[in-house]
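All of the numbers you see were taken from the coordinates with simple rules; none came from a lab. Keep in mind that this is a model prediction, so the values were computed, not measured. Here the Cβ positions follow ideal geometry from the backbone for every residue, glycine too, while neighbour counts run over all protein chains shown.
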Amino acid sequence: MSSKLSMSIKQWLTLLAICMAGGVIFKLAYLRDVFYVPMGEAFNANHTELGLMMTAFAVTQFIAYLPGGWLVDFIPVKKLVPASLISTGLLGFWLATYPSFKIVLVIQACFGITITLLFWEAMIKGVRMLGTPNQQGRLFGLLEGGRGLFSTIVSFAALFVFERFGEGRLGLRATMIFYSITLVVLGIVTYFLIEENESEGHLDAKGALKGLLEVAKLPKVWLAGAIVFFGYSFYNGLGYLTPYLTDIYGISVSLGATLSIVRTYLIAFIAAPIGGMIADKMGSRINYLKYALLTGAALTMVYFFIPENSGIAIPVAIMLILAVVIMTIRGTYYSTGDEIGVPMVLAGATAGIMSIVGNTPDLFVFALYGNMVDKYPGIEGYNKIFAIMIGFALAGVICAILLARIVKKEKQNK
């Protein structure tokens, strides 16, 4: 079967709409990834409290993953995506009023519902429906790359707004309002761009629930989710390279934010599609993930040997190379659904199981990494983060090896 992408204009528009939505919808919930220091100052929050904000988001995310997978197996992607964008934008306006810390936690928890229940599995299933099993790496790479492109455009626009309004409390408020307006407008636009797929509408709510229970009995689906778990945990360590460069090497907040945008979004636009293409050429997304995780662990280990007085060139260079590897991992770890042999009609259920396992780190990893910085000042705290990242990457390698063996054995038994 050919891995060459051949899609209609409507299918490309659907992919475009999903990429735009996926590139923007997380901006408010993950505001601290780019504006870490300003957000701490504006909300008067320390490292641990910033971590708790993400934990509040993660709790409702965790609850919403399974029902989200069930929901998208009987409600079209065309309806779910716009609803999620508009509701997330409305919450952003509330966050921009700088409410109390308790209310911020409530808003973050609501983000978990609007982004996960309504959007996350809809995004995954929407992309999977667009191609054949041999094209999944490339499609999901394009998804991650497209998300990176739109994230970069919107992030630089937001950074311009932030700087225009003074880089302080007012600047951050203007940024949140900018993101909120963008989400609402995009919600309206995506409704007209996304096309319903012929594979949708074959299950009612009861049938979708039955399918979810059947998928939940498959160990290979949980193991595929474990790869996402460790890959995602590894990826989240990247967010602490911005305060690492600020605290240890003294770079400015604006330069740190710029590097963060380049690392997190622009590199994704370039690296993720290339990673997906390589994975498809290899014939196995699972094997590709094994080698990519191993490479990422080796690159992270380099940070232990960089002297504090070496200047910023070496740590920044390693960060960018590491980001390339990690973004190819992000671009492929949800593309294994076809490779493990789960039917398209249950793609939402598969995405739900993989997501609930894969995104469980949101419940603890931000607080874990943040606590390392708070508890161990200076380079010691960041070295502990690097050690944890390496552990996550190597655990992902082990899961990829095990899953590849299961898939190979199933093919031999057919």
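Note on ALA298/LEU255: beta-carbon distance plugged into 1/(1 + (r/R0)^6) with R0 of 22 Å gives a FRET efficiency of 0.20. Would you be so kind as to identify which of ALA313, TYR98, MET354 lies farthest towards the positive end of the dipole of the chain, taking Lys and Arg as +1 and Asp and Glu as -1 on Cβ and the Cα centre as origin? The one lying farthest along the dipole's positive direction is MET354. If you run the Gaussian network model on the chain, springs between alpha carbon atoms under 10 Å, then out of ASN44, ASN287, ASN309 the most flexible one is ASN309. The coefficient of translational diffusion for the range 10-413, derived via Stokes-Einstein from the alpha carbon Kirkwood radius under 4 °C and 1.567 mPa s, stands at 61 µm²/s.
Could you work out the local net charge near ARG330, counting Lys and Arg as +1, Asp and Glu as -1, over the other residues with Cβ closer than 13 Å to its Cβ? Summing Lys/Arg as +1 and Asp/Glu as -1 gives +2.
Filter LYS220/LYS409; LYS220/LYS411; LYS206/LYS409; LYS220/LYS384 down to the pairs with a C-alpha to C-alpha distance above 22 Å, please. Among LYS220/LYS409; LYS220/LYS411; LYS206/LYS409; LYS220/LYS384, the Cα-Cα distance tops 22 Å for LYS206/LYS409; LYS220/LYS384. Taken about its Cα centre, the range 297-383 carries a charge dipole of about 40 debye when Lys and Arg each add +1 at the Cβ and Asp and Glu each add -1 at the Cβ. With Cα atoms defining each centre, the range 242-258 and the range 372-399 are spaced 19 Å apart in the structure. Sorted ascending by nearby beta carbons within 10 Å, beginning with the fewest, PHE162, PHE74 become PHE74, PHE162.
Around LEU66, what is the net charge, scoring Lys/Arg as +1 and Asp/Glu as -1 over all other residues with Cβ under 13 Å from its Cβ?
Local charge sum for LEU66: -2.
Here the translational diffusion coefficient of the range 65-162 follows from Stokes-Einstein with Rh set to the Kirkwood radius across Cα pairs; for 10 °C and 1.306 mPa s it amounts to 104 µm²/s. The per residue volume of the convex hull around the alpha-carbon atoms of the range 115-212 is 133 Å³.
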